[in-house]
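*Asks:* The following block contains the structure, expressed as structure tokens.
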Amino acid sequence: MGIILLSIPFFFLLIGLELGYSAWSGKHLLRLNDSISDLSCGILSQISGVFTKLFSIGIFIWIGERWTVQGWLAIPAWPEGQPFFATAGVPWFGVHGAELASWVVAFVLVDIAYYFSHRYAHEINVLWAGHVVHHSSEEYNLAVALRQSSLHGLLSWIFYAPLAVLGMPWRMFVACNALNLVYQFWIHTRAVGKLGRVAEYVLNTPSHHRVHHGVNPKYQDRNYAGVFITWDRLFGTFVVEEEEPVYGLTHPLRSWNPLWANVHVFWEIMRSVWAAESWRERSMYVFGPPGWRPERLGGRVRPTEVSTATFERYDPKIPGSLAWYGMFHFTCALMATFILLMGATRLPLAQLAGGGFYVAISLTSIGGMFEAERWASPLETSRLVVLGAVTAVLWRTQLLPGWFAVLTAIAVVASLAWFIPHRRYLTENTPAPVMQ
């Protein structure tokens, strides 16, 4: 299993601790609907990552086999062995100096590459379309850290390609990149204030990263760091946290649908390109900065001042019984995802894709229920009926144990009995939100 997959239980433990702190302090750091939306995006990211990582790592390996500087110049290969070793009878670890230095340099270079990948994801519209999902929550907590894009990996690999050219072994790159992302989990919290002077000067901290998620004009497009805030200080993108930021997007997403969260800016780009009057306009809609518009339409959209006192979070109301229903089925989807990821290397591609598709439909249906959307009613009913039918087929073909089929059938019947009377609460018929 990868580093990130191994870290998932640790992530949920910290989320539980943050939830406990929220209840104890009365600060209300999490909301159920927002957190389920965050985790739903994270689930889709992990499922799609099974396929997108093959693509991005494959490119890294391809470059490393053909275009490294070691192939052009008399430069030794990159040391990639274990930096520490144990000797029998000695109560401490020994250190391989060259290997340790190699890992340190690799980690720092990956962090620099992350800085530029992250920065240009905010400065180039098509890259922003892949990254925007991470910023679309209007809360700031550890669940938001898991709100990751399903598509950004297809676009960000180019910023790491120079590391392959330098001869960095692909396994070392994958490990350092994973550690970089795992570090960033804990900085997504309002439960931790500012740390000591040294930590705040060198490291990316919760205070620095809160700034990055703020939509306040003075906070936007700042503090891109992964681990070391040094890069922001060096390249002029650092801003210190003063007042509490307002979190989210300049044009709020206003949806709990994880699929829409991943594609809404891509959809807006396509609409804009279709309506453009010249090839220059089309290229700027794709490769220009987010919010770019031609002068005939008023020029680039600029952020307006916001404050925590006046900002209204997206929070549609549904009955508690329907929310608990959604929570139960989200938990089932989460467990199914973990099983899929654990067996990803053994399952046939068709089964993996089919399981991932069903999880995506489940999370979309749950998101629609939390929005009280009318379309969630037929989608959820159909989802349960399909689950029951597939379970019956798998049981008849002896591909599913009898006891599991019985439990699933009971869950399907009970869910239908619970959900059908609650369909009357799904009355909204709003169109999909569109960026202005």
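The values are calculated or read from the model by the stated rules, or taken from the named source; none is laboratory data. Bear in mind that the values here come from a model prediction, so they are computed numbers and not experimental data. Methodologically, a virtual Cβ is constructed for each residue, glycine included, from the backbone with ideal geometry; neighbour enumeration extends over all protein chains shown. Each accessible area value is taken on the protein alone, full model and side chains, heavy atoms only, with ligands, DNA and RNA left out. Shrake-Rupley method; radii C 1.70, N 1.55, O 1.52, S 1.80 Å.
*Asks:* Give me the net charge of Cys176's neighbourhood, meaning all other residues with Cβ under 15 Å from the Cβ of Cys176; Lys, Arg count +1, Asp, Glu -1.
*Replies:* Spelling it out: positives minus negatives among the neighbours equals -1.
*Asks:* Over the chain, with every protein chain in place, what whole percent of the accessible area is carbon and sulfur at 1.4 Å, could you tell me?
*Replies:* On the chain, the fraction of accessible area on carbon and sulfur atoms equals 69 percent.
*Asks:* Further, regarding this structure: Which of the trypsin sites (Lys or Arg not before Pro) found in the stretch 1-69 are in a DSSP loop and have at most 13 neighbouring Cβ atoms, other than their own, within 10 Å?
*Replies:* Within the stretch 1-69, the qualifying trypsin sites (Lys or Arg not before Pro) (loop, at most 13 other Cβ atoms within 10 Å) are Lys27.
*Asks:* While we're here: Report the longest stretch of the chain that contains none of the chymotrypsin sites (Phe, Trp or Tyr not before Pro) sitting in a DSSP loop with at most 12 other Cβ atoms within 10 Å.
*Replies:* 93-436
*Asks:* Of Val240, Pro206, Met172, whose Cα points farthest to the positive end of the dipole of the stretch 165-243 (charges on the beta-carbon: +1 Lys, Arg; -1 Asp, Glu; origin at the Cα centre)?
*Replies:* Met172
*Asks:* Leaving ligands, DNA and RNA out of it, work out the accessible area of Thr308 with a 1.4 Å probe and give it in Å² to the nearest 10.
*Replies:* So the heavy atoms of Thr308 present about 80 Å² to solvent.
*Asks:* Cα-based count: Lys pairs in the chain below 30 Å, eight or more positions apart or different chains?
*Replies:* 4
*Asks:* In the Gaussian network model of the chain, springs joining C-alpha atoms below 10 Å, which of Ile61, Ile187, Ile420 carries the largest mean-square fluctuation?
*Replies:* Among Ile61, Ile187, Ile420, the largest mean-square fluctuation in the Gaussian network model of the chain belongs to Ile420.
*Asks:* A follow-up question, please. Got a sec? Charge dipole of the stretch 282-436, +1 on Cβ for Lys and Arg, -1 for Asp and Glu; which of Phe330, Gln398, Gln351 is way out at the positive end?
*Replies:* Gln351
*Asks:* Another question about this same structure. What is the dipole size for the stretch 1-125, taken about its Cα centre, with +1 at each Lys and Arg Cβ and -1 at each Asp and Glu Cβ, in debye to the nearest 20?
*Replies:* So the dipole magnitude of the stretch 1-125 works out to roughly 120 debye.
*Asks:* Sticking with this structure for a sec: Within a Cβ distance under 12 Å of His28, other residues only, what is the Lys/Arg minus Asp/Glu net charge?
*Replies:* Every neighbour counted, the sum reads 0.
*Asks:* Residues with beta-carbon under 14 Å from that of Thr189, excluding Thr189: net charge, scoring Lys, Arg +1 and Asp, Glu -1?
*Replies:* 0
*Asks:* Write out the GluC sites (Glu not before Pro) in the stretch 164-243 meeting two conditions: DSSP loop, and at most 16 other Cβ atoms within 10 Å of their Cβ.
*Replies:* Glu242, Glu243
*Asks:* Sticking with this one: Could you tell me which trypsin sites (Lys or Arg not before Pro) in the stretch 244-352 are loop residues by DSSP with no more than 10 other beta carbons within 10 angstrom of their beta carbon?
*Replies:* When the trypsin sites (Lys or Arg not before Pro) of the stretch 244-352 are filtered for loop state and at most 10 Cβ neighbours within 10 Å, Lys317, Arg346 remain.
*Asks:* Between the stretch 249-270 and the stretch 326-399, how many Å separate their Cα centres?
*Replies:* Between the Cα centres of the stretch 249-270 and the stretch 326-399 lies a distance of 23 Å.
*Asks:* Okay, moving on. At 15 Å minimum axial length over the Cα atoms and a Kyte-Doolittle cut of 1.6, report the qualifying DSSP H helices in the chain, or say none.
*Replies:* Helices meeting the span and hydropathy rule in the chain are 3-25, 402-422.
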